[in-house]
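Input: a single structure, listed below in structure tokens.
The values are calculated or read from the model by the stated rules, or taken from the named source; none is laboratory data. The shown structure was predicted, so the numbers you read here are calculated from the model rather than taken from an experiment. Methodologically, a virtual Cβ is constructed for each residue, glycine included, from the backbone with ideal geometry; neighbour enumeration extends over all protein chains shown.
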Amino acid sequence: MHEKIFPKPAIEAKHREGLLGAHFDCFVSWMQEHGYSRETMRYHIQRVTHFGKYLEQRGIRSIHELESAHGQELLVTYQQYWKAKGYWNRNHGLRLYIRALKEAGVIKGLASKDSQLSLDIEQYACFLKSQKGLSESTINYHIHWAEKFLRFLGPGKDSSSISPFGIGDIDKFIVKEGVRLKRTTQQLVAYVLRTFTRFLYQSGKLSSDLSCLITSPRCYKMESLPRVLNWDEVKKILHSVDLSLKIGLQHYAILILLTTYGLRAGEVAQIKLDDINWRKETIHISQKKSGRDLWLPLTPQVGKAILNYLKRGRPPSKHREIFLLTCAPWNPLTSSNIAYVVRRHIKLAELDAPHRGPHIIRHSFATHLIREGVPLKEIGDMLGHRSPESTHIYTKTATENLREVALEVPEVE
């Protein structure tokens, strides 16, 4: 039995009477499970009731009619109306309602866009995951550039299909984007477009395979150095955290993990409660990029930071991931959330950092270990490098500070 959402039974009865009110209890239970406040639940229910009236006025009599082409068209039209008005949050409750019913098995997933392009992108994402075995963050990178390229092409004749294009269009896109990108990034964009065009050709959406015609700038190994901070600056990032706040406990635990083990943002985000063995004082890290599993020693500082967060900062949740959002729904953090934590505290530490992403801490960590005399093999194993060359580049970074050392020149007699 759910808690009382509306102050008067008559008001609740009004929301239960509508087309979508048949699943009132299902939606309320889902929101309670995800930690929404009573006021927020009330607002979302009002938005769902309004959408139900909109459907009834247009002849929809069952929630399952939303799964038809006409129902999805009405859904998109409704969402675009409020989006055009600037009321983005009015669509949020509707999305949550659909998600709750989908998870409960009441309806199948509904498309948020009535567009063949959306289906093509979704199929491309499935291809990258099932055929290429790429991680979620890498898939998101591919999708970002594929969608950007499609926006560059403009809509097709029916505005819901891919516009015809050739190698000239791809070259123009790379040149346009290349003005603000480094050569290494241009190389990655070209690789994404090769993968995307090959997928379109193999799935019959492109008449010829253009992937072999896409060229990229040549990059040389170790031609550039990773951008790093000195270790005193890394300590300033940790000292910028306010441990009197719940969010500060979370941020500190995240930063301690990054600075103690040199982890990637995604590796921190996916750490689960079961990955910490308090008895053996070890922490398990799953490295998706290298496909390896690491069992690292749980240092007292890391253990204390995580324990403080679990006791005083983490909301109750069914999720096993350690780090959760600080507001409902209390879902696990993503790589983007971890990146935000790093950027925020680099700014609070007032550092003039050459780069503000999580990888600058990883690079700084590796460089610090080399300066401390840790063998390259141990550093490479901890960082999950497949090739020794990936670790060797940090020897170049670690010796750059020798240029700043003034050597005493002996007198010649």
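How about region 364-382: which of its residues are surrounded by 13 or more Cβ atoms within 10 Å (Cβ to Cβ), free of Cβ contacts under 8 Å to residues at least 24 places away in the same chain and over 30 Å from the mean Cα position of the chain (by Cα)?
V374, L376, listed by residue number.
Looking at region 294-313, which of its residues are over 17 Å from Q250 (Cα atoms) and within 24 Å of the chain's Cα centre (by Cα)?
Result: L294, single match.
For region 328-355, how many residues meet the condition of being under 11 Å from the mean Cα position of the chain (by Cα) and outside any loop (DSSP other than H, G, I, E, B)?
Residues that pass the stated criteria total 7.
Are any residues in region 28-59 among the basic types (K, R), part of a helix (DSSP H, G or I) and without any contact (Cβ under 8 Å) to a residue 40 or more places away in the chain, and if so, which ones?
Selection gives R38, R42, K53.
Take the conditions modelled with pLDDT of 85 or more and among the aliphatic types (A, V, I, L, M) and apply them to I107. Does it pass?
Spelling it out, it is not the case that I107 is modelled with pLDDT of 85 or more and among the aliphatic types (A, V, I, L, M).
Pull out all pairs, ordered by first then second residue, where Cβ-Cβ is under 7 Å, the residues are six or more apart or on different chains, the first lies in region 200-219 and is free of Cβ contacts under 8 Å to residues at least 24 places away in the same chain, and the second is surrounded by 13 or more Cβ atoms within 10 Å (Cβ to Cβ) and not in a helix (DSSP H, G or I).
As it stands, the answer is Y201/D209, since those pairs meet every condition given.
Just checking, does region 17-27 include any residue being in contact with a Phe, Trp or Tyr (Cβ under 8 Å, 6 or more places away or on another chain) and outside any helix (DSSP H, G or I)?
no
Of all residues in region 337-349, how many are over 9 Å from I237 (Cα atoms) and out of contact with any helix residue (DSSP H, G or I) (no Cβ under 8 Å at 6 or more places or on another chain)?
The qualifying residues number 2.
Please find, among E56, E73, the residue that is surrounded by fewer than 16 Cβ atoms within 10 Å (Cβ to Cβ) and modelled with pLDDT of 85 or more.
Going through E56, E73 in turn, the sole match is E56.
Per-residue answers, yes or no, for (1) at pLDDT below 90; (2) within 28 Å of R344 (Cβ to Cβ); (3) in a loop (DSSP other than H, G, I, E, B):
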site	(1), (2), (3)
G204	yes, no, yes
R227	yes, yes, yes
S244	no, yes, yes
L249	no, yes, no
Y252	no, yes, no
I256	no, yes, no
T259	no, yes, no
D274	no, no, no
D293	yes, no, no
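Go over the candidates L310, L324 one by one and state the one that is of a type in the set (A, V, I, L, M), in contact with a strand residue (DSSP E or B) (Cβ under 7 Å, 6 or more places away or on another chain) and in the same structural domain as L383 (by TED's automatic domain parsing).
The conditions single out L324.
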